[in-house]
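Chemist: I'd like to ask some things about the structure below.
Bear in mind these aren't lab numbers, they're just calculated from the coordinates by the rules spelled out. Bear in mind the structure is a predicted one, so any value in this text is a computation, not a measurement. As a convention, Cβ positions derive from the backbone with ideal geometry for all residues, glycine included, and neighbour counts pool all protein chains shown.
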C-alpha cells in the first residue's frame, strides 16, 4: 500500500478535508494510506512524527496556497526535504494548487501541478470535480509506485528505520456543522461582492486585450451591479446581477441592464452540506445541467461571466 503525506498549512484544513474525502475510495481499494499532522495523538512528539513521515512516505502532496508559501515550516522544512527525496527518486511530489498564488517561481514550480494546468482548486466552477482530478493524479502516482516495488512500505522502513504504528482508531472524526441564517446571509453578501469585483476586473482586462471592445461596469446600489460590453461602439452584451429579496433569494442574473428588474435568467442560491456553504445554480440557463455543482465564489462568478461573454465569442 502506497503511503501519502499531506504537507499543508492549517488555514487550508477545510480544503484538505475535502481532498481526503475524494481519496477515500483509493483507501477502500487498498491502494493508498494517507497521513497528516491531525493524526498525531496525545503523547507523541509533533515534529518527530512529521519528520518521520516526510522521510518515509512515498507520495507527498504539497497543498499550495498563499498561506502555505507564507509558512516557514511548510516551505523551508517540509517542502525542501520533499523535493530532495523527489529528485533522488525516493518519493513522488505532487503540487496541489488550492488557492491562487505565485507558485510557479517556487522550487517545486518545475513539477506539473494539479488540477489541470495548475489551475487553483477554488477557481473551478465545481470544486468536487477539481478534487477528483487531483485524486486521479494520486491514483496514477500510486500505481507507478506499485509498479516499481511490490513492497514499498518495507523499502521505506529499510531506508529510514521508521515504522508507523498501525492505527487503532477511526479516521472518520468529522462532525457535521450547522449554519444559521446569519452565516448564510454573510456568505451570500461576500459572494456578491466577490462577483462584482470579478466582473469589474474582467471587463477591464477584456477591453485591454481587445481594442474593439469597450466595457462598462456600474455599481447601481449595494445589492446590484450592471455590465455592458460594446463591440465597435455597438452594444454586444448586457447584464444586471443582483441579490434577490425574500421572494427570490440568492444572487440572480438577468440579460438586461435595468436597475429595477426582478426577473432573471439564472439564480444562484446558498446551500450547505455537512461541512461547508456553497452556491448552487437553478440550472435555468443551462437546462438543468449545472444544478449538482457546488460552486465556490470563483465558480459562481465564472458561471455568470460565461453567460455574459458568450455573445462576444
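Chemist: Could you work out the equivalent-ellipsoid semi-axes for the range 181-312, taking the square root of 5 times each eigenvalue of the Cα gyration tensor, largest first, in whole Å? Spell out each step's value before the answer.
Modeler: Details: eigenvalues 130, 44, 38 Å².
Over the Cα atoms of the range 181-312, the semi-axes work out to 26, 15, 14 Å.
Chemist: Could you check the spin-label model distance between residue 217 and residue 11? Points 7 Å from the Cα along Cα→Cβ, value in nm.
Modeler: About 2.3 nm separates the two model spin labels.
Chemist: Now for a different question. Mind ordering 297-308, 222-233 by average Cβ neighbours within 10 Å, highest first?
Modeler: Details: 297-308: 20.8, 222-233: 16.2.
So the order, starting with the most tightly packed, is 297-308, 222-233.
Chemist: Now a separate question. Kirkwood Rh over alpha-carbon pairs of the range 1-131, then Stokes-Einstein at 10 °C and 1.306 mPa s: what D in µm² s⁻¹, rounded to an integer? Spell out each step's value before the answer.
Modeler: Numbers: Rh = 15.0 Å.
The Stokes-Einstein estimate is 106 µm²/s.
Chemist: Something else now. Full extension from residue 256 to residue 70: what is 0.36 nm times the residue separation minus their Cα-Cα distance, to one decimal in nm?
Modeler: Numbers: separation 186, 0.36 × 186 = 66.96 nm, distance 4.32 nm.
This chain segment gains 62.6 nm when fully extended.
Chemist: Between residue 181 and residue 104, what's the calculated FRET efficiency when r is the beta-carbon distance and R0 is 35 Å? Round to 0.05. Intermediate values should be presented prior to the final figure.
Modeler: On the way: r = 41 Å, r/R0 = 1.19.
Efficiency at R0 = 35 Å is approximately 0.25.
Chemist: Moving on to the next point. Go through 93-99, 250-256, 271-277 and give me the packing order, highest mean Cβ count within 10 Å leading. Present the calculation step by step, with values, prior to reporting the outcome.
Modeler: Values: 93-99: 24.3, 250-256: 20.0, 271-277: 14.6.
Highest to lowest by the protection proxy: 93-99, 250-256, 271-277.
Chemist: Report the gain in length on full extension from residue 230 to residue 132: 0.36 nm times residue separation, minus Cα-Cα distance, nm rounded to one decimal.
Modeler: 31.4 nm
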